[in-house]
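Since the structure comes first, as structure tokens, the remarks are kept for the end.
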């Protein structure tokens, strides 16, 4: 059995900052390609499970094509119906338009940008595509994606 990493204080701050608003499903959206938000979703879910407020699941929607959208949306709804929170890593909307439908099925979203590499216009376009009120903020990462430049959701 693989041992899960213990979330450091940065991930704990991200979790508690994101929980300042009530949400049942949280999409993690990379602003552009090359940012893998899957490990981030796992780390946030681990943090949420340790906090124990309620169960937290991950539904990986990376690479989902149009015909796979409805099963993902149904999975999100089923997890919420069980009283759990769900974190959903998705592709950048510029790379995969099917991600838009999944994003709209989530009650909240965090935009993930890479320090010094992500384009401001790409990030702005991502925010414009989706209802701005769903965005909790952004997380700035560097390196492997688990190294945070920003110590909280902004």
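Structure above, values below:
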| quantity | calculated |
| --- | --- |
| Potential lengthening between residue 104 and residue 133 on full extension [0.36 nm per residue; Cα-Cα distance subtracted] | 9.3 nm |
| Region 1-77: equivalent-ellipsoid semi-axes (sqrt of 5 x gyration tensor eigenvalues, Cα, Å) | 22, 15, 13 |
| Label-point separation in nm, residue 49 to residue 77, each point 7 Å along Cα→Cβ | 2.7 |
| FRET efficiency, residue 21 to residue 66 (Cβ-Cβ, R0 30 Å, nearest 0.05) | 0.50 |
| Distance (nanometres) between label positions extended 7 Å along Cα→Cβ at residue 9 and residue 95 | 3.3 |
| Debye equation applied to the C-alpha atoms of region 48-106, log10 I(q)/I(0) at 0.13, 0.16, 0.25, 0.28 Å⁻¹ | -0.33, -0.48, -0.95, -1.10 |
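Just so you know, all these numbers are worked out from the coordinates, no wet-lab data involved. Since this is a predicted model, take the numbers as computed values, not measurements. Don't worry about glycine lacking a Cβ; one is built from the backbone with ideal geometry, like all the others, and counts go over all protein chains shown.
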